[in-house]
Structures are given as C-alpha cells and as structure tokens.
Amino acid sequence: MTQSAAQKTPATPRRLDPEDAQHALEEVQECLRRQQVVSDLVHRQEQGDRKAGLVEDLVERQQQAELQTLINRLHPADIAFILESLPKDARQQVWQLVSPEHDADVLLEVEDWVRESLIEAMDRQDLMAATGNMDADELADLAPDLPPDVVAEVQKGLTEEERAQLLEAMGYPEDSVGAIMDFEMVRVREDVSLEVVLRYLRRLHELPDHTDQIFVVDRQDKLQGVLPIAVLLVSEPETEVRSVMNTDYLTLGPLDSDADAAGAFERYDLVSAPVTDEQGRLIGRVTIADVVDVMREDSQEQALSRAGLQEEDIFAPVSMALRNRAPWLLFNLCTAATASFVASRFEGTVSHIVILAFLMSIVAGIGGNSGNQTMTMIIRALAVGRITGRNIWQLVKREMLVTLLVGLCGSLVAAAFAWAISDSLSIALVMMAAMICNMLVGASVGVLVPMVRARFGKDPAIGSSVLLTFATDSLGFFIFLGLATLFLL
C-alpha cells in the first residue's frame, strides 16, 4: 500500500452486528462525501487566498483522521463489507487508511473480485508484512492473486513442514475439501492419560479455532479416533485416552467435494471433521467456519447462475458488466422473439377473438411460475445429493402429479375469470385446458433442464430461468392459440 505503516494507527477491532455494519458504511460514505467537498474547496483556493487554503487543508486532514479512526475500530469482516460496498476510487481511498495489522484478515475476508484490486494497490513491502504470519491454508487462498515473487519470498520464511502444507493445499482442486481444510489441530496418542493431555493443552498458546475434539493418532499419524473436549473435561484425569475416545466418527478425503462436506456438516451437526489420505493418515481438518463460507458462496453462485450471470464487482466498469450480462440477455431476446413469432402465426385467430390477446399472457406467466417452483426444488435436491438414479422417475411422476392437481385448481379460477370478461364458455374451457398443459410443460422443463445439465457435469442452475421462460412462453402461446384456432373458429 502507498501509505507507510508508520502513518497508520493500529486499533483494537470490535465486532459489529450486520445492522451496525450497515450504519458504519453510511458513516464512511458521509465522511468521504465531506472530504470530497473540502478537497474541492482546497483545489479552488490553490490560486486564491493561501491562508484560506491552509485552513481547508487542515480540515481535510482532520476528516481523514476521523475516517481512519472509524475504519480501524471495526472488525476486519466489517471492513471487508464496507470495501465491497464502495466504488473503486473510494474503496482504494479507504484501503489506504486500514491499519497494517488488519491487512491480512481483510484480504481473507473480502470477495475475490475485490481482493485483486486491493492487492494491486499494495506495494511489495506491505504485501510481505500482510502475508508473513499467515497459515499455510490462508496463504493457499491468497496465492492465486499474489505476485509470484511475493509468494516465493513468503515461502522462504516458512518451515519445511509449512512449505509442504502450502504446496499441498495449492495442489488441490478449487471446489475440493483439500482446498478449504486447515492444518492447525491438536493430536495426541491413545496410550497417554487425560491428565497428560490436559497438561499438553495448557502449554499451548491457544487452541486452534473451533476445536471441539482432539484427534487421536498413532506414530505413523494414522487416525485412531477422536476425543471430544467435553469428554476430556468431565472424565477422570487418570483415564487413558483409548478408553474414552470415540471410534465412530466421520472422515473426509482431500478430493471430496466441498459441497458434499457441507452437506455432511449440516446432516450430522458437526463443528469440525478430520481429513485423511488414502492410507488413513491425518492431514488436516475442516471446520464449521470453512463450511459456512462454502454454503454462502454456493448460494450466491446459484442465485446468479439462474439468471446467467457470474459474480462481478457491482462497481465494475461498464464494459466488464456488458461482457457478463449481454450473452444471456441476447439469448433471452432470441427466445422472446421466437415466442412473438409463434404468436404472430395465429394473427387471424387473435384478430377474430381479440380477448385472446389479453388472456394468453396469463397462460404463459402461470406456466413459467409453476416451472420455476419445480426447478427450484430440483436444483436444491441436486445440490444436497438427494436425487439418484433410483428415485429420479419417482420424483418426475410426483412433480407432474402435483403440477396437474395445482393446475386443475388454478385453471378453474382462470376459466371463471375468462368467462367473466368474455361471456364465453368456450373461451373459458380453452383457457382452462391451455393453462393445465402449459403448467405441465413448465414442470417438465423445470425437471429436465437441471438434471440434464447435472448429468453432463454442468452447473444445473446456469441459465435455467431463461430456458424455462423460453419454453413456457413459446409453447404457452402455441398451445393456447392453437386450441383457440381448433375449437373457437
């Protein structure tokens, strides 16, 4: 960073609630606004009254100090939230005021699309200071965004064990357990007493975060069992570890999917889980903090994918936003044009029965909503692994039956509405039949699109809503106007 460490004032961070973090963001934005006003005044005075310019310059410095104090009393997670919520120029301005002792934590907390710009604003000395005390798993998270020479220099300061851990963590796929596991954990032998374990724990500076159990290993580091902290505290000190350790425990493999690990944590209410290699050796652990991050990221990606988007900086340049959003919007334009083309083929029908033009949007809209409900259920079931080859057809039949029953109920209401505004029983019956058919189309697409994409190893959520809209609009118009042509003309 351009500002030296001596210019920054360290402060003890305090944790804020989400609402307080939002309030802090508003305070930061107000400070930046006032600072900009004073800065504009200073520039105007450069050619005018020198004394007035000095006063305004002093005010600007005071406001900057106020902003610095406000920022550095926050928790790093809240600083990260504020940085993500500011335009790039304001973000860099605030980043310059962050205390060096928070740099590492903030870099780990911010989203990837913000981290890159923050690292670009830091000089080599600041990067070395920020990464110098990181654990191997934390360095592995940052390594793709760090300059190669910084990564190489940081590795020189690691022990052989830490260097091996770093290289191991960097070697695992991005969405695997190995990529999110950490190496800080407590290990003991099974042939020692609980009193020895307690003395060992007291010699530690602090326990690793989220330590709810101690891992019991042999001399080859093969996992033998786990010793819950609760059991350790309530058992007699003379008791040996082997007599109270738990041998019924869940283990994860480093190549397992992080989504599968998150599902296991949710299912078994875990706080931590050991990670073992093919030989059963303990190589790391996954904690609830890692799993929560995975769940949050998967949820965000799924929400964006359904609209055909990728994660981006909300203040990114317009050109970048266009590259992200334009492809699926253009595809959506093509699908809408197709639906309009289908409707135009029934121009004669609509010209004879004008009321159809007002009713056909209802058929398309209800079909899309019905399909969206089904699609949401299927994507969720795929994400948690509840769909298998044995239950797939049972699930399809169930969704079609549910859609049919809901369609029957909804179509009666729609038919009554169509009858009321058209005073035609025939139009009401056509409306009823078209709605049921289009809802079944929506349900079919809602089931098939995610499952076909998942079958070929693709994200089942990407662009699903666009494809669903295309099907329910085009086929909805075709079904409704086709039935009207057959039975009303």
Can we say Ser464 is open to solvent by less than 30 Å² (accessible area, probe 1.4 Å), closer than 23 Å to Ser340 by Cβ, touching a Pro at 6+ places or on another chain (Cβ under 8 Å) and not aliphatic (A, V, I, L, M)? yes
If Ala80 satisfies every condition in (1) farther than 24 Å from Val151 by Cα; (2) in contact with a helix residue (DSSP H, G or I) (Cβ under 6 Å, 6 or more places away or on another chain) but one, which is the exception? (1)
Failed item in (1) under 21 Å from the mean Cα position of the chain (by Cα); (2) under 21 Å from Leu167 (Cα atoms); (3) of a type outside the set (A, V, I, L, M), with Asn133 passing the rest: (1)
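If I ask for residues that are in a helix (DSSP H, G or I) and crowded, with 17+ Cβ neighbours inside 10 Å, which ones from the stretch 449-461 would you list? Outline the logic, then answer.
Looking only at the stretch 449-461, we keep the residues that are in a helix (DSSP H, G or I), and these are 449-455.
Selection gives Val449, Pro450, Met451, Arg453, Ala454.
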Inter-residue pairs, beta-carbon under 6 Å, first over 13 Å from Asp209 (Cα atoms) and in the stretch 275-289, second open to solvent by 40 Å² or more (accessible area, probe 1.4 Å), 6+ apart: Thr276/Thr251; Gly280/Lys222; Arg281/Asp221; Arg281/Lys222; Leu282/Asp221
Only one residue in His205, His210 is within 30 Å of Glu297 (Cβ to Cβ) and either in the same structural domain as Leu255 (by the TED database) or at pLDDT 85 or above (or both). Which one? His210
Whether any residue in the stretch 354-367 is open to solvent by 30 Å² or more (accessible area, probe 1.4 Å) and not in a helix (DSSP H, G or I) is what I want to check. yes
Of all residues in the stretch 377-413 being modelled with pLDDT of 90 or more, of a type in the set (Val, Ile, Thr) and under 17 Å from Val441 (Cβ atoms), which is most open to solvent (accessible area, probe 1.4 Å)? Val406
Going by the structure shown, is His23 in the same structural domain as Gln125 (by the TED database), at pLDDT 70 or above and either farther than 22 Å from Ser117 by Cα or open to solvent by 20 Å² or more (accessible area, probe 1.4 Å) (or both)? yes
Qualifying positions in the stretch 436-448 - within 17 Å of Phe346 (Cβ to Cβ) and surrounded by 24 or more Cβ atoms within 10 Å (Cβ to Cβ): Asn438
Can you tell me which of Thr403, Thr485, Thr472 is farther than 18 Å from Gly365 by Cβ and assigned to a helix (DSSP H, G or I)? Thr485
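The values are calculated or read from the model by the stated rules, or taken from the named source; none is laboratory data. Everything numeric here is computed off the predicted structure, so don't read it as measured data. Counting neighbours? That spans all protein chains shown, and the Cβs are built from the backbone with ideal geometry, glycine included. Accessible surface is based on the protein model in full, side chains and every heavy atom, while ligands, DNA and RNA are left aside. Shrake-Rupley method; radii C 1.70, N 1.55, O 1.52, S 1.80 Å.
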